[in-house]
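The values are calculated or read from the model by the stated rules, or taken from the named source; none is laboratory data. These numbers come from a predicted model, not from an experiment. So basically every Cβ, Gly included, is an ideal-geometry build from the backbone, and we count neighbours across all protein chains shown.
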Amino acid sequence: MNTMMIKIINATIKITAILFFLSPFVGIAQSNTASTLNSNANTFNLAGKYEEALAAINEAIKQSPGEAYLYITRARTYNFKKDRTSAIADYTEALRLEPQNLIALTGRGYAYFNEKLYDKSIEDNNKALQLDPKNLMALANRAASYNNSGDKMKALEDLSTLVLLDPKNPIQWAKRGSVYVNIGAFEKAIADLNASLSMNPKNAVALNNRGWSFARTGQYERSVADYKTLISLDPKESRAYISLMPSLIRMGQFSEARAVYKDYQAKGLTSYITNDDWKFFIHYLKAATEYIPAGMYQEALNGLNQSLKEYGSEIKTANKSGYSDVLALKGYVLEKLNRDAEAVDAYNQASVINSNQPDVSEALKRIAQKQSIANQKDNTQPIIELISPQITRGLQIVKNETKIEIVGRAKDESGIKSVTVNGLLAQKVEDDGLFLTTIALKEGQNSISIIATDKNNNTGTKTFQLNASVPPVTAKKEEPAIIPVDVDKPPVFHALLIAANEYQDPGIDDLQNPTRDAESLKQVLQSNYTFETSNIQTVYNKTREEIMQTIVQKANSLGDNDNLLIFYAGHGIAEKDKFGDVDGYWIPASAKKGMNSTYISSDDINKALKRSNSKHILVIADACFSGAFTRSIDSDAPKDIQVQYTYPSRKIMASGNMEPVPDNSKFIYYLNKNLKENKLKYLTAKDLFNNFYKAIINNTQTFPQYAAIKGVGDEGGEFVFILR
């Protein structure tokens, strides 16, 4: 949407420029006075005859070199010729002659804007607005510069002033609506765009932005109507065809989507989807318009998986919904293939990116209802998978241990009710059936019996034998552990650094240090450890949608040789639900105070990470109440690093439990300090945490936490930092 915003702002600036800069038409006079030559130059400019205009104004300046208005006319001519450097030089000369000349200040500000020198543009327009607070040109210039430099809130302030000063101008409403689209405030965008279109129903930019906003808020029929209007106004408006199809697909109108796509192709239209970074969308369209109408669901699934793979891990800022569109369609195809559990995961990932997807909500309800009916008829036994210890043929020997940790997963469509090991309930059973418990061993042979009961009271059993020996009286000196690294395929480490310190809602206080803390961690990771700079992605002061999409994309793009560290610094909050359970939330920059739907919950993180194939995921959260993201289970890891790295892990390291933490974080200080001072080649996240845990509780009022993340496939392993 940025390109559209620029176009509409430029259009307003150009119109206003003509009002400010052009002298009234008086005909081409034959006199050679500077004033007449200036008038002639203006007339030539209106006719697009810029060389003739330059000849006239150059002669005028030769006759009267001390007149500021002549340099302004020549600067305007250079602006028309897109020679911004010469234009800036002439405006500067005019301001030397007349320091408070409004036309020169706004003109130079516009030239600076076009040269992407936004700070200088803002400075000139600030001066102009001090002279005339209601100067439309200066407000439009400054709003455009704020918008393009990333300060959307200040851009909105100026655009709101423009709307108040010029309420009957549809362009002003459309401009503000465009910025609301960019920050994800779609309801406000729709209100502004409605106002603009009520005055000018054929405003293409407003129609496009409103269609987009309708799609992002799940109003698919209205979105389709706007894009069809755009096409009727201009049958060659290629973007409208492309933007129309996802809403048709969401509504299940695959045949019509196919017809629209064929029409687009038959007209020989091209758009942004021809760019290399939009190849993913071609796979999506092919799945929706070719394979699905033909009932070729496996081929459609293959295409959608390829689409997700080619999307990569970077945000496509021009189309933030593209990824959730693909995920939602993947869920639909998986349903058709009767792979409901996988469909739920795809739908859940789509929903954590954008909760305003009625088709996804209905699909999840539909599958839940189908599952409920199936559960009533369920008589199948749960399946038990043993993760640790790993059992092979023959008697398993356990040396020098009096207890052992049993890690496994029980699977059943209805869900797992309980797991017992040798008659004792497992300490904790996660939503995904993962269970962990520790049992005592006796000397000699030990029989281990695991019984899993599903929610329909069907039971499954797994038994195995262990032979234990009593540990010697003197402690055994342990050999240094070496992480198993394949020389040809060493582990790959990725980092996703998320920080929020500039909040859009004035009711949420800004913070000083989150981005600084994220940058300091980035420096340590790329300098001291095996995190390549290309594998470290930063997401600073982004919307909830952008953050969640980035997490889902990154998690989905990784394989079993990859390790992912996710860091979050910003506001956090914890609340109890109606059942008394505590849920933790991260507060993104786009959040609205008191509206949980605009926050990022622990459940959102769980759904985003659940389908990741990465070996290890470590979440480090420096935010208030981050302890609510953990599960209440002892996560002491085995001593041997090889064992710790072997089993997948999903852990969180939080700066506090259920208490606020300060902006000036001791947690990040000690985290970085220990990472910098570490001399061990291989350092587990658990050992890192233990190294600075006491320092934090001795020097702060917070109580850091380290545990497994709830229900996303932790198998008791550990994330391992490897020194360069």
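Here is a yes/no grid of residues against (1) among the β-branched types (Val, Ile, Thr); (2) surrounded by fewer than 22 Cβ atoms within 10 Å (Cβ to Cβ); (3) without any contact (Cβ under 8 Å) to a residue 40 or more places away in the chain:
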{"position": "206", "(1), (2), (3)": "no, no, yes"}
{"position": "213", "(1), (2), (3)": "no, no, yes"}
{"position": "217", "(1), (2), (3)": "yes, yes, no"}
{"position": "222", "(1), (2), (3)": "no, yes, yes"}
{"position": "226", "(1), (2), (3)": "no, no, yes"}
{"position": "237", "(1), (2), (3)": "no, yes, yes"}
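Is it the case that residue 418 is at pLDDT 85 or above, surrounded by 12 or more Cβ atoms within 10 Å (Cβ to Cβ) and among the small types (Gly, Ala, Ser)? Answer is yes for this residue.
I need the full set of residues from the stretch 260-299 which are more than 15 Å from residue 231 (Cα to Cα), of a type in the set (Gly, Ala, Ser) and outside any helix (DSSP H, G or I), in order please.
Residues satisfying the conditions are 294, 295.
The conditions of being surrounded by 20 or more Cβ atoms within 10 Å (Cβ to Cβ) and either assigned to a strand (DSSP E or B) or at pLDDT below 85 (or both) are met by residue 498. Taking the criterion of being in the same structural domain as residue 448 (by TED's automatic domain parsing), at pLDDT 80 or above, in contact with a Ser or Thr (Cβ under 6 Å, 6 or more places away or on another chain) and not hydrophobic (A, V, I, L, M, F, W, C), would at least one residue in the stretch 387-400 satisfy it? Taking every residue of the stretch 387-400 in turn, none turns out to be in the same structural domain as residue 448 (by TED's automatic domain parsing), at pLDDT 80 or above, in contact with a Ser or Thr (Cβ under 6 Å, 6 or more places away or on another chain) and not hydrophobic (A, V, I, L, M, F, W, C).
Name the residues in the stretch 646-671 that are at pLDDT 75 or above, within 24 Å of residue 708 (Cβ to Cβ) and either part of a helix (DSSP H, G or I) or not assigned by TED's automatic domain parsing to the domain that holds residue 522 (or both), would you? Can you show your working first?
Step one: filter the stretch 646-671 for residues at pLDDT 75 or above, giving 648-654, 666-671.
With within 24 Å of residue 708 (Cβ to Cβ) added as a condition, the list becomes 648-654, 667-668, 670-671.
Answer for the stretch 646-671, where residues must be at pLDDT 75 or above, within 24 Å of residue 708 (Cβ to Cβ) and either part of a helix (DSSP H, G or I) or not assigned by TED's automatic domain parsing to the domain that holds residue 522 (or both): 667, 668, 670, 671.
Condition (residue is in contact (Cβ under 8 Å) with a residue 60 or more places away in the chain, crowded, with 20+ Cβ neighbours inside 10 Å, in a helix (DSSP H, G or I) and not aliphatic (A, V, I, L, M)) applied to the stretch 98-109: is it met by at least one residue? Yes, the stretch 98-109 contains at least one residue that is in contact (Cβ under 8 Å) with a residue 60 or more places away in the chain, crowded, with 20+ Cβ neighbours inside 10 Å, in a helix (DSSP H, G or I) and not aliphatic (A, V, I, L, M).
Taking the conditions exactly as written (within 19 Å of residue 351 (Cα to Cα) and surrounded by fewer than 17 Cβ atoms within 10 Å (Cβ to Cβ)), does residue 527 satisfy them or not?
On the way: within 19 Å of residue 351 (Cα to Cα): no; surrounded by fewer than 17 Cβ atoms within 10 Å (Cβ to Cβ): yes.
Criteria not met by residue 527.
The criterion of at least 1 residues that are under 27 Å from the mean Cα position of the chain (by Cα) and β-branched (Val, Ile, Thr) is met, among helices (runs of 4 or more DSSP H) falling completely within the stretch 145-229, by 170-182, 186-199, 204-216. Among the residues of the stretch 412-461, what is the count of those that are without any contact (Cβ under 8 Å) to a residue 60 or more places away in the chain, part of a strand (DSSP E or B) and either among the basic types (Lys, Arg) or closer than 19 Å to residue 379 by Cβ (or both)? Counting residues in the stretch 412-461 that are without any contact (Cβ under 8 Å) to a residue 60 or more places away in the chain, part of a strand (DSSP E or B) and either among the basic types (Lys, Arg) or closer than 19 Å to residue 379 by Cβ (or both) gives 4. Among the residues of the stretch 433-492, those identified as at pLDDT 85 or above, β-branched (Val, Ile, Thr) and over 30 Å from residue 723 (Cβ atoms) are 437, 438, 439, 448, 450, 451, 453, 459, 461, 463. Here are some conditions: (1) at pLDDT 85 or above; (2) over 24 Å from residue 426 (Cα atoms); (3) of a type outside the set (Lys, Arg). Residue 693 meets all but one. Which one does it not meet? Looking at each condition in turn, residue 693 falls short on (1).
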